[in-house]
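Asks: Here it is, the structure, as structure tokens.
The values are calculated or read from the model by the stated rules, or taken from the named source; none is laboratory data. The shown structure was predicted, so the numbers you read here are calculated from the model rather than taken from an experiment. As a convention, Cβ positions derive from the backbone with ideal geometry for all residues, glycine included, and neighbour counts pool all protein chains shown. Side chains included, ligands, DNA and RNA excluded: accessible areas come from the protein's heavy atoms. Shrake-Rupley method; radii C 1.70, N 1.55, O 1.52, S 1.80 Å.
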Amino acid sequence: MLTIVPTPIWNLEDITLRALRVLKEVNYIACEDTRTTWVLLRHYDIQTPTISYHSHSGQAKTDKILDMLSNGKHVALVSDAGTPGISDPGYALIQTVLEAWYEVSALPWPSAVITALSASGKSSHHFLYLWFLPVKKWRQTLLKRISENYSETVVIYESVHRIIKTLSDLEKYFWKEHKIVIGRELSKKFEEYIRGSIVEVQEYFIKNPGKIKGEFVVLI
Ligand code: SAM
């Protein structure tokens, strides 16, 4: 059986008792980066053997995990942070495991997307999660399409390298007074929510260039 185990997006306390139990009980933990997961495992004194499984893992690694499952082993899949498969490796392995008729289950836990959405104050009855915006191809087309056709909350992940560019692209396609929320460094020491119109949020970063740092969730 393969169990998807979400892990903290930063704060090591953000893990369920069940997740800790499963990580202790499984035969193997497949990790996006074993060094990152070891920090969590050491903190909770979990000694389960780990193997790496990341976006460049080839068929041989998938076959190894399938072998474990065929030998009746219980494998947990974790990513570096948050939920495997949500902007992280997992989807391809899960699909292969399901095609081979092994059981897959997931422990419930929010990701950065749900964490940011829940505190954002934006409508969350319906929302569209777009992962990271494409860097080049389709970027402008996609922004135009969502600004014209989607009136509910749109959530994207963004990196420090592109947050300013993304804000100026949003300004091109959305009404300048359109309210957005940025969740920055969630669950970390300098966590903050920046709320305002696109222009106000841009001004905030112009006035506070030191805040162009860390990890961002943008709610449009
Ligand atoms: N699997 C993760 C999840 O469940 O949220 C997402 C991993 S994805 C590779 C990394 C991106 O998620 C970051 O660039 C950022 O946009 C968002 N993210 C992850 N942790 C975050 C945090 N603590 N604060 C804000 N955004 C975060």
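Asks: Determine the calculated [θ] at 222 nm for the chain from helices alone, applying -39500 (n - 2.57) to every DSSP H run no shorter than 4 residues and normalising by the residue count; nearest 500 deg cm²/dmol.
Replies: Numbers: 8 runs with 81 residues, N = 220.
Computed mean residue ellipticity for the chain: -11000 deg cm²/dmol.
Asks: Tell me, what is the 1.4 Å probe accessible area of Glu215, in Å² to the nearest 10?
Replies: The accessible area comes out at roughly 110 Å².
Asks: Can you give the extra length, in nm with one decimal, that the chain gains between Arg162 and Lys207 once fully stretched, where that is 0.36 nm per residue apart less the Cα-Cα distance?
Replies: On the way: separation 45, 0.36 × 45 = 16.20 nm, distance 1.77 nm.
Fully extending the segment from Arg162 to Lys207 adds 14.4 nm.
Asks: Something else about it: Taking region 112-220, which trypsin sites (Lys or Arg not before Pro) meet the DSSP loop condition and have no more than 16 other C-beta atoms within 10 Å? Could the numbers behind the result be given before it?
Replies: Details: sites: Lys122, Lys136, Lys137, Arg139, Lys144, Arg145, Arg162, Lys165, Lys172, Lys176, Lys179, Arg184, Lys188, Lys189, Arg195, Lys207, Lys211, Lys213; in loops: Lys122, Lys136, Lys137, Arg162, Lys176, Lys188, Lys189, Lys213.
Of the trypsin sites (Lys or Arg not before Pro), the ones in loops of region 112-220 whose Cβ has at most 16 other Cβ atoms within 10 Å are Lys136, Lys137, Arg162, Lys176, Lys188, Lys189, Lys213.
Asks: Which of the three applies to the chain, rounded, prolate or oblate, going by the alpha-carbon gyration tensor with a ≥ b ≥ c and a/c under 1.5 meaning rounded? List each step's numbers first, then the result.
Replies: Values: a/c = 2.46, a/b = 1.85, b/c = 1.33.
Verdict is prolate for the chain.
Asks: Same structure, new question: Taking amide H positions as placed 1.01 Å from N in the peptide plane, with prolines and chain starts having none, which residues 5 or more places from Thr50, or on another chain, fall under 5 Å of its amide H?
Replies: Result for Thr50 returns Ile29.
Asks: Suppose R0 equals 35 Å. What FRET efficiency, 1/(1 + (r/R0)^6) with r the Cβ-Cβ distance, do Glu200 and Ser55 give to the nearest 0.05?
Replies: Values: r = 36 Å, r/R0 = 1.03.
The pair Glu200/Ser55 has a calculated efficiency of 0.45.
Asks: Relative contact order (percent) for region 2-106, with alpha-carbon contacts under 8 angstrom and 6 or more residues of separation? Could the numbers behind the result be given before it?
Replies: Numbers: 159 pairs, mean separation 43.5, N = 105.
Once divided by the residue count of region 2-106, the mean separation gives 41 percent.
Asks: Mind giving me the nanometre distance, one decimal, between the label points for Val39 and Asp67, set 7 Å out from Cα along Cα→Cβ?
Replies: Label at Val39, label at Asp67, 3.1 nm between them.
Asks: Hey, can you find the accessible area per residue of region 112-219 for me, probe 1.4 Å, expressed in square angstrom?
Replies: Details: 6150 Å² over 108 residues.
Value for region 112-219: 57 Å² per residue.
Asks: Using Cα springs under 10 Å in a Gaussian network model of the chain, which residue among Gly85, Gly121, Gly58 shows the largest mean-square fluctuation?
Replies: Comparing Gly85, Gly121, Gly58 in a Gaussian network model of the chain, the most mobile one is Gly58.
Asks: With all protein chains present, how much of the accessible area of the chain (probe radius 1.4 Å) comes from carbon and sulfur, to the nearest whole percent? Walk me through the numbers on the way to the answer.
Replies: Numbers: 6680 of 12050 Å².
Summing carbon and sulfur atoms, their accessible area is 55 percent of the total for the chain.
Asks: Using a 1.4 Å probe, what is the accessible area per residue for region 2-106, in Å²?
Replies: Working: 5560 Å² over 105 residues.
Per residue, region 2-106 has an accessible area of 53 Å².
Asks: Find how much the distance from Arg139 to Glu185 grows on full extension, using 0.36 nm per residue of separation minus their present alpha carbon separation; answer in nm with one decimal. Walk me through the intermediate numbers first.
Replies: Values: separation 46, 0.36 × 46 = 16.56 nm, distance 2.46 nm.
The Arg139-Glu185 span can extend by a further 14.1 nm.
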